[in-house]
Amino acid sequence: MTCATSPYRAEIEQVPNVRRPDLPLFRYMIRDKSSEQLVFDGVAGDMREAMDSVNAWLDYLQGSVAA
């Protein structure tokens, strides 16, 4: 997921759940576009939660850059 005006890039991937193999986990990462440095990462129980978290972090990070 990328935004043309953002200096960040978000990635979401489904990963195996070792504790509960019947339930998925979604790992999300936010990277700096220019350096590819990892800025934030986390894990969510479903895709909606992962997307909401990524959007909230991107809003926060973009607000920090603008300030």
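The values are calculated or read from the model by the stated rules, or taken from the named source; none is laboratory data. Not measured: the values here are computed from a predicted model. Backbone-built Cβ (ideal geometry, glycine too); neighbour counts: all protein chains shown.
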Legend entry - Of the criteria (1) surrounded by 10 or more Cβ atoms within 10 Å (Cβ to Cβ); (2) free of Cβ contacts under 8 Å to residues at least 12 places away in the same chain; (3) among the polar types (S, T, N, Q), which one Gln14 fails: (2)
Inset, instruction - Please specify each residue of the stretch 7-16 satisfying the condition of being within 15 Å of Val54 (Cα to Cα) and part of a strand (DSSP E or B). - result: Tyr8, Arg9, Ala10, Glu11, Ile12, Glu13, Gln14
Inset, instruction - Could you run through the stretch 29-56 and say how many residues are of a type in the set (Ser, Thr, Tyr) and over 8 Å from the mean Cα position of the chain (by Cα)? - result: 2
Legend entry - the stretch 48-62 residues that are of a type in the set (Ser, Thr, Tyr), paired with ones that are not in a helix (DSSP H, G or I) (beta carbon under 7 Å, 6 or more apart): Ser53/Tyr28; Ser53/Gly42; Ser53/Ala44
Legend entry - Residues satisfying the stated conditions in the stretch 17-51, i.e. over 21 Å from Gly63 (Cβ atoms), modelled with pLDDT of 95 or more and either touching a Gly at 6+ places or on another chain (Cβ under 6 Å) or part of a loop (DSSP other than H, G, I, E, B) (or both): none
